[in-house]
Amino acid sequence: MRGLHWFQYDLRLHDNPALATLAARCDELACVYILDSRWFGFGRYQSRAMGGARWQFIRESLNDLQ
């Protein structure tokens, strides 16, 4: 059986019950995470929607998924 897990906000792997259940039930598992281009633009007060620390966390987490 094939499975698809869509990471929306939570990229944790070790304590993610939905991901663990799906991985146990499937022979093949595809994981999806969508980067929103609006996160990298400027907001109303010329501040970034996403800070550097958050972006670093997301990059490192996505590298872990590979």
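The values are calculated or read from the model by the stated rules, or taken from the named source; none is laboratory data. Keep in mind that what you see is a predicted model, and the values were worked out from it rather than measured. No Cβ is skipped: glycine too gets one built from the backbone with ideal geometry, and neighbour counts run over all protein chains shown. Accessible surface areas use protein heavy atoms only, side chains included; no ligands, DNA or RNA. Shrake-Rupley method; radii C 1.70, N 1.55, O 1.52, S 1.80 Å.
Summary table
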| read-out | value |
| --- | --- |
| Karplus 3J(HN,Hα) series, Hz, for the stretch 46-55 with 6.51 cos²θ - 1.76 cosθ + 1.60 (x for Gly, Pro) | 6, 9, 5, 5, 10, x, x, 5, 5, 5 |
| Relative contact order [Cα under 8 Å, 6+ residues apart], the chain, whole percent | 33 |
| Of all accessible heavy-atom area on the chain, the percent that carbon and sulfur account for (1.4 Å) | 53 |
| Distance histogram in 5 Å bins (all Cα pairs of the chain, percent per bin) | 3, 15, 23, 20, 14, 10, 7, 4, 2, 1 |
| Karplus (6.51, -1.76, 1.60) ³J(HN,Hα), θ = phi - 60°, over the stretch 9-21, in Hz, Gly and Pro reported as x | 10, 9, 9, 5, 9, 6, 10, 10, x, 5, 5, 5, 5 |
| Heavy-atom accessible area per residue - the chain, 1.4 Å, Å² | 83 |
| Placed amide H near H5: partners under 5 Å, 5+ positions off or other chain | A30, C31, V32 |
| Karplus 3J(HN,Hα) series, Hz, for the stretch 60-66 with 6.51 cos²θ - 1.76 cosθ + 1.60 (x for Gly, Pro) | 5, 5, 5, 5, 4, 5, 5 |
| The chain - mean residue ellipticity at 222 nm from DSSP helices (-39,500 (n - 2.57) per run, n ≥ 4, rounded to 500) | -10500 deg cm²/dmol |
| Selection from L4, Q66, G52 lying farthest towards where the dipole of the chain points positive, charges on Cβ | G52 |
| Charge dipole magnitude, Cβ of K and R +1, D and E -1 - the chain, Cα centre, debye nearest 20 | 360 |
